[in-house]
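These notes concern the structure reproduced below.
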Amino acid sequence: MFRHGFTLLFLLAAWQLGAGFGATAYYLSTPVQVADRLLEWSMSGYVWPHLLSTIECSLAGFGVAAFVGTLFALAMASSPSFARLLEPALFAAFSTPKIVIAPLLILWIGVGTLPVIALSALSSFFVIFYGSYGGLRDVSGSYIDTAAVLGAGYWTTAFQFRLPAAGPYILASLTQGLIYAFHGAILGEMTASDTGMGYLIVYSATSMDAASVLAALAVIGAVTFGLLHLLASATRALAAPLNAEALA
Amino acid sequence: MAVALESISVTGTSVEISGVSRVFRVDGREVNALRDVSLTVRPGEFVSLLGPSGCGKSTMLRIIAGLDRPDAGECVVDGAIVRAPSLSRGVVFQDHRLLPWLTVRENVLLALHKAPIGQDGREARVLELLDLVGLSAFAGAKPHQLSGGMSQRAAIARALAPRPRLLLLDEPLGALDSLTRSRLQGELLRLWEHEKVTVIMVTHDVEEAVYLSNRVFVMEPRPGRVRGIFDVSIPYPRRRVDADFVALRQSILDILEREATAAELTC
Amino acid sequence: MSIEVLSDQRIASSGTLRFARVAGRSSALFSRRWMKVWKGTAMAALLGLSLPAAILAIWTIAARMELVAPQILPMPSLVWATTWDLTVSGDLPRELAVSLARLAGGLLIGGALGLAFGLLFGLSRASEAYLGPTLRAIFLVPSLGWLPFFMMIFGIGETLKFVLIAKTCFLPLMVNVSGAIQTLPAKYHDVTRCLELSRQERLRYVIIPSVIPAIAIGLRQAIAKGWKTLILVEMISSAAGIGYLMMWGRKSFQLDVVFATMIVIALVGLLFDRAVLALQQRTADWSLHTGG
Ligand SMILES: Nc1ncnc2c1ncn2[C@@H]1O[C@H](COP(=O)(O)OP(=O)(O)O)[C@@H](O)[C@H]1O
Ligand SMILES: [Mg+2]
């Protein structure tokens, strides 16, 4: 445990002590100042509405992306012709920076929560779609054959064989999508909003308030860390029965 | 046995295993992979370790190779206690474990990195071995271009390259189809005679053990130990349909059968 | 963090499969037996293009009938003309060159550092224990979050872009390379021991070659993420580059310029992705993690 925190403590100490000497102190602030700001924010309640707004937008965006993403993935995995129709366009869009849509979003739907949700949804849609689609499409042929032998129809095969068999992959991509939704929302707030953690960063930066910028980054890092742990435990929990099956 | 051994000039090592035990901890439980196993292998001999899976055959082989250390007892090869792996003991695993980015030739050459025979000598030795295992035409091929049988031939060539005095085989033919398998069994015998090494082979195939070995050690699990030793005095080349062969195979099978029933009853 | 990358790898490998299929199809172009398959590929291409074509048609109709104001949705023909003009005038190639140079510089610095730390963490558990958690914690905050802070420290000059792209490209290489070494199957360790390979020989013959597929995967993620981050930073604080050109178009309400740059940004992203995917496909053959 000491080893894990050693470098961090060392860096923080060096930063705290070094900041007093150089002329960059003003830009860098100090760890104590940042901690102080975090404390002040949580006491006065200043940060909560921003954090809440970001989380709300992330969840809304994630909800849309999760629904549409898995639906597309399932439809394309179940129907080769549908897949051939959509695959090239979706794969091309996957490697395109989603931020390019931001200026258009602002023009089309203005500034506020709506473009933030849209950007959040767009960011996480592709991760969810791509991960679930891979899992759903590569479902072992023996499951599908079993379904056929049992006389399952199209919908039964899709929902009772394909979907459960690809469950772990879908869950992994959903949890990963949650992180992308969170970061997408912050991205949206930085460009097209007047609330939220992303806005808080930009606002603090324009007023040259380094301590606030770093405090906001710490909050974002903490939330991401929590989400990553959720992802890790979800993946572990689901991988366990899968491994047992592989061994049997 | 006597016939085969006298006809070759022996360079293989002897192996003496005395009181070897090995315990693994799995989820807090103790698994006795080996308990107080003692056995001796004579220079130039071909012996098999035979038994159902989980009876500690691989563990035994890994201890002889120096890949694992016993908790008690010791393993002496050619008068010296085994403490670490050595090029003087060649190992072939069930999967070929060739390095996928090297060609067959380079894979074998890698095992010669310590051979004091110069670059030309090494190249010559590689060619000789590839010829011996019938892979000359595939010297430049990458492992993923080879079939299962060919990969195992390459792995055997790699193990034999540095002229080990002991060859350790862990179910080397276990993953092959039965036709390839019986062909490679014949080739193993040929290699054994050509290289004059001591061979210890792990297998769970009774026929394979009887076909190849001078002696068969039958092992049983929980705890892993030697149940019986069979001398196979049928002269080489052996025929699988001879009365002697069939009778010996059957008596080994009977022991294994009884063992399995006993194990089921105690479980 | 490693889990995120793991499932990115899944994505990468499913892409690889597709690629292998298509590559298999287009070989032996002239054989009669393959004509049918070739026709199938052409059909697939047609089918795949039908969706973009449909979108283009709806867009044209909407714009022509002025269902939407032209300030909000320019005509496709105008976007095409603008793309052409910007290309011929040299504006677009110049801005694109600026962007590509920034990406290359950042990738070189960040990628090399990521590779070095990945090797270090993979080879030494102690270094991972001391440095790993701190580095990962710092990189947990997405690049876009760091942008305003970096702007305060580095200003809005070229340094900012290089630092940010380098920061973005660092993690994919570090995570993939260290992960590949740490998950190297133990059975190959047995082989190196049996062959009495020294530490250097083990590095040269086993470890370095075994991480090459991971480097390809890391490179692909680094380029994709680096490109996204670069566009973002150019949109927010730059006076040159393709992202700047786009923002300039928006600020001067020339939506045709916005659309033109959007298309170029998407195409370049796609081109990079396919190119690195091809590289990744070449290294996939010798993966110790999947092969027998
Ligand atoms: N590295 C290990 N860790 C824990 N248990 C092991 C390990 N290696 C072997 N065992 C256990 O020891 C027993 C004997 O294994 P092994 O020697 O592989 O048997 P065999 O090769 O005869 O099938 C088995 O119960 C196995 O689960
Ligand atoms: Mg075994």
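What to note about this one:
- Filter pass, C:T283 being over 16 Å from the mean Cα position of the chain (by Cα) and closer than 30 Å to B:P100 by Cα: yes
- Those helices (runs of 4 or more DSSP H) lying entirely in the stretch A:86-205 with at least 3 residues closer than 22 Å to A:C57 by Cα and open to solvent by 10 Å² or more (accessible area, probe 1.4 Å): A:102-109, A:113-137, A:167-192
- The sole residue among B:D177, B:D170 that is more than 25 Å from B:M60 (Cβ to Cβ) and among the charged types (D, E, K, R) is B:D177.
- Of all residues in the stretch B:196-213, those satisfying the criterion of being away from ligand 1 (no atom under 16 Å from the Cβ), crowded, with 20+ Cβ neighbours inside 10 Å and either within 14 Å of chain C (Cβ to nearest Cβ) or not aromatic (F, W, Y) (or both) are B:V197, B:T198, B:V199, B:V210, B:L212, B:S213.
- Residue selected from the stretch C:59-82 under the condition more than 14 Å from every other protein chain (Cβ to nearest Cβ) and among the β-branched types (V, I, T), by the criterion surrounded by the fewest Cβ atoms within 10 Å (Cβ to Cβ): C:I61
- Enumeration of residues in the stretch A:132-172 that are of a type in the set (A, V, I, L, M) and closer than 24 Å to A:L231 by Cα: A:L136, A:V139, A:L163, A:A165, A:A166, A:I170, A:L171, A:A172
- Top-ranked residue of the stretch C:147-159 - restricted to ones that are outside any loop (DSSP other than H, G, I, E, B) and more than 7 Å from chain A (Cβ to nearest Cβ), ranked as nearest to the chain's Cα centre (by Cα): C:L147
- When we screen C:I215, C:I208 for residues that are over 17 Å from C:P142 (Cβ atoms) and under 20 Å from the mean Cα position of the chain (by Cα), the only hit is C:I215.
- In the stretch A:217-244, the residues that are facing chain C (nearest Cβ under 10 Å) reach residues that are at pLDDT 80 or above and open to solvent by 50 Å² or more (accessible area, probe 1.4 Å) with C-beta atoms within less than 7 angstrom, at least six apart or across chains, in these pairs: A:A218/A:L38; A:A234/A:L171.
- Which numbered condition A:G188 fails, given (1) under 18 Å from C:T229 (Cα atoms); (2) within 10 Å of another protein chain (Cβ to nearest Cβ): (2)
- When B:R69, B:R62, B:R29 are checked against the criterion of being within 14 Å of chain C (Cβ to nearest Cβ), away from ligand 2 (no atom under 16 Å from the Cβ) and among the basic types (K, R), a single residue qualifies: B:R69.
- On the stretch given as the stretch C:275-286, residues that are in contact (Cβ under 8 Å) with a residue 60 or more places away in the chain and either in contact with a Phe, Trp or Tyr (Cβ under 8 Å, 6 or more places away or on another chain) or within 12 Å of chain A (Cβ to nearest Cβ) (or both) total 5.
- Any pair with Cβ under 9 angstrom, 6 or more apart, that starts in the stretch B:50-66 at a residue that is among the charged types (D, E, K, R) and ends at one that is part of a loop (DSSP other than H, G, I, E, B) and near ligand 2 (Cβ under 10 Å from one of its atoms): B:K57/B:G51; B:K57/B:E171; B:K57/B:H204
- Restricting attention to the stretch B:161-175, the residues that are within 13 Å of chain C (Cβ to nearest Cβ), among the hydrophobic types (A, V, I, L, M, F, W, C) and within 16 Å of ligand 2 (Cβ to nearest atom) total 3.
- Restricting C:I11, C:I55, C:I61 to those that are under 30 Å from A:I170 (Cα atoms) and at pLDDT 80 or above reduces the list to C:I55.
- Among the residues of the stretch A:123-169, the ones that are under 20 Å from A:P80 (Cβ atoms), within 14 Å of another protein chain (Cβ to nearest Cβ) and not charged (D, E, K, R) come to 11 in all.
- The residue of the stretch B:176-192 that is least open to solvent (accessible area, probe 1.4 Å), among those that are more than 15 Å from the chain's Cα centre (by Cα) and more than 16 Å from ligand 2 (Cβ to nearest atom), is B:T180.
- Residue match in the stretch C:118-130 (condition: touching a residue at least 40 places away in the same chain (Cβ under 8 Å), closer than 27 Å to B:V104 by Cα and open to solvent by 10 Å² or more (accessible area, probe 1.4 Å)): no
- B:R158 being within 10 Å of chain C (Cβ to nearest Cβ), open to solvent by less than 20 Å² (accessible area, probe 1.4 Å), outside any loop (DSSP other than H, G, I, E, B) and not acidic (D, E): yes
- Residue in the stretch A:118-136 that is farther than 20 Å from A:A93 by Cβ and not small (G, A, S) present: no
- Scanning the stretch A:52-82 for residues being surrounded by fewer than 19 Cβ atoms within 10 Å (Cβ to Cβ) and in a helix (DSSP H, G or I) gives a total of 13.
The values are calculated or read from the model by the stated rules, or taken from the named source; none is laboratory data. Source: prediction; values computed, not measured. Neighbour counts run over all protein chains shown; Cβ positions are idealised from the backbone, glycine included. Just the protein is used for accessible areas: all its heavy atoms, side chains included, with ligands, DNA and RNA removed. Shrake-Rupley method; radii C 1.70, N 1.55, O 1.52, S 1.80 Å.
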